[in-house]
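Chemist: Quick one: the structure is below, and I'll ask about it shortly.
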Amino acid sequence: MSHVTVGKWGKNLAFRVPFEIAKATGLSNGEQVEMEVKDGDILIRRPAANSRADAIKAAEEIAAMRGKYKMSRAEILEMLHEGRRK
């Protein structure tokens, strides 16, 4: 478990996501997430469109297209990182 400090960011409150949590979840800079309150706790998650199942499906589509479009491994990894499907 990580402990973080809530700070002020403009008129809002903010906290930083520790590197270990970002790495373990695959969270990247600029990625949008959803937040809600559930039973008094803060719940943070990716929107349904960015679920792991969708990412796996996108990776399979990209791999299937590899022979057709001659993409390098680096290009495929970059696309996966950016979350693009095509």
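Chemist: Just checking my list (i) 18, 52, 29, 2; (ii) 13, 38, 28, 15, 6, 0; (iii) 12, 17, 14, 13, 10, 10, 8, 6, 5, 3, 1 against P(r) over Cα pairs in 10 Å bins from 0, in percent computed from this structure; which label fits?
Modeler: Checked against the structure: label (ii).
Chemist: Below 15 angstrom from the Cβ of MET1, what's the summed charge of the other residues (Lys, Arg +1; Asp, Glu -1)? Could the numbers behind the result be given before it?
Modeler: Working: positive: none; negative: GLU20, ASP41.
Summing Lys and Arg as +1 and Asp and Glu as -1 gives -2.
Chemist: Give a residue-ordered list of calculated ³J(HN,Hα) values for the range 26-42 (Karplus: 6.51 cos²θ - 1.76 cosθ + 1.60, θ = phi - 60°; whole Hz; x for Gly, Pro).
Modeler: Whole-Hz 3J(HN,Hα) from phi for the range 26-42: x, 5, 10, 4, x, 5, 8, 10, 9, 10, 8, 9, 9, 6, x, 9, 8.
Chemist: Follow-up. Loop-only check: which trypsin sites (Lys or Arg not before Pro) in the range 1-57 are DSSP coil with at most 10 other Cβ within 10 angstrom?
Modeler: Details: sites: LYS8, LYS11, ARG16, LYS23, LYS38, ARG45, ARG52, LYS57; in loops: LYS11, ARG16.
Sites meeting the loop and neighbour criteria: LYS11.
Chemist: I would also like to ask the following. What ³J(HN,Hα) values, in whole Hz, does the Karplus curve 6.51 cos²θ - 1.76 cosθ + 1.60 give for the range 58-64 when θ = phi - 60°, with x put for Gly and Pro?
Modeler: Running phi through 6.51 cos²θ - 1.76 cosθ + 1.60 with θ = phi - 60° gives 4, 4, 5, 5, 5, 5, 5 Hz.
Chemist: Next question. Give the residue list of GluC sites (Glu not before Pro) in the chain that are DSSP loop and have at most 13 other beta-carbon atoms within 10 angstrom. Could the numbers behind the result be given before it?
Modeler: Values: sites: GLU20, GLU31, GLU34, GLU36, GLU60, GLU61, GLU75, GLU78, GLU82; in loops: GLU31.
Loop-located and lightly packed - GLU31.
Values quoted throughout were computed directly from the atomic coordinates according to the rules given, and no laboratory measurement underlies them. In this text the structure is predicted, and so the values were computed from the model without any measurement. Positions of Cβ are backbone-derived with ideal geometry, glycine not excepted, and every protein chain shown enters the neighbour counts.
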